[in-house]
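Everything on this sheet refers to the single structure shown next.
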Amino acid sequence: MLTQQQVVHYRNRIDTVLSGGTLTDWQRQFLVDIRDKLGRYGARTRLSEKQLTMLDRLAGPPPQSNLQVVVTNSRSEPSRSQPLGEDTQRSYRGGSRLGRPFRVRNPLRPRNFLRPPRAIRSFSLARTRMMLIAFACVMVVGLVGSFLGGADGTARVSSYRADVAEPDLNRSSASSSFTVTDGDTIRLGDGTRVRLVGFNTPEKFEPQCSNEGILGNRASERLKELVATASSMDVQLVRCSCKPGTEGTKKCNYGRSCGRLSLDGRDVGKTLISEGLAVPFVCGATGCPPTPRPWCG
């Protein structure tokens, strides 16, 4: 996600670039989409690596911050290398140290080496509390997402399963929502990017010509419409067509997972192909043919 400073920078730069009038149609549409997303989600905006690269190329990267965060401890003890003041010396002699009780250890009492120091015990307790709070938040978000469908491409999935018995594909049904990235890519509620297999839509973010950019935006909007009007949805993860040992890395599908999306029992790829917004794209077991992109003639 972006920082608030980056959001302000990108929104200002996008307005400046759009007013310049030297953009192509798909570049202008791309910047308008990003500006709307920044205005809607602010610092919670999620952008892919390709989107950030294209945004920096068109609007310019944000300046590097020179601020340094200094963490201090308000209850830190005075340095032993510096002389203690009279009040501090009296505090040590009187049996307290900066307001805390000062207890002298009995030299005849054996040490308990199995008991962790006070700082470690406090850290473990704080970490346990943070983990419990985070777990509770995840459960609440999962329950709310399982009953509510979001706007702007956010959809509720009626069932969510994996047909490959591998650890990286064995996902839980708690990921019950997804957002549409473009015509053939979605992002699950847990942040997993999924490339839909069996078809290829025009490129929306880096088209080879203006016609492809227009069709790419149209395919993305059409997929959002299909999701919004569907009564049942099914996301099914499948094995990516990559070399063994590369799945889940940049060498396999740019680090994305692979899957199929069915709406009312029909694969969305077949619907988009029938409407002229996608072409068939069938891969083999460990590789894919050249990506078909016939939209620029």
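So the values come out like this:
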quantity: Rounded, prolate or oblate (a/c below 1.5 giving rounded, otherwise prolate when a/b exceeds b/c) for the range 193-297 by Cα gyration tensor; calculated: oblate
quantity: Sparse-neighbourhood loop sites, GluC sites (Glu not before Pro) in the range 204-297 - DSSP loop, at most 16 other Cβ within 10 angstrom; calculated: GLU275
quantity: Gap separating the Cα centres of the range 196-228 and the range 178-194, nearest whole Å; calculated: 14 Å
quantity: The range 12-47-the range 238-297 distance, computed between alpha-carbon centres (Å); calculated: 28 Å
quantity: Violating pairs (Cα-Cα greater than 19 angstrom) within the set LYS50/LYS250; LYS204/LYS250; LYS37/LYS224; LYS37/LYS251; calculated: LYS204/LYS250; LYS37/LYS251
quantity: Percentage relative contact order, the range 1-67, counting C-alpha pairs under 8 Å, at least six apart; calculated: 51 percent
quantity: Prolate/oblate/rounded label for the range 255-297 (Cα gyration tensor, a/c 1.5); calculated: oblate
quantity: Computed FRET value (nearest 0.05) for ARG293 with LYS251, which takes r as the C-beta separation and R₀ as 25 Å; calculated: 0.70
quantity: Nonlocal amide H pairs with GLY198, under 5 Å, H built at 1.01 Å; calculated: PHE281, CYS283
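Bear in mind that the values in this text are calculations on the coordinates, not laboratory data. Please read these numbers as outputs of a predicted model, since none were measured by experiment. FYI the Cβ positions are ideal-geometry reconstructions off the backbone, even for glycines, and counts take in every protein chain you see.
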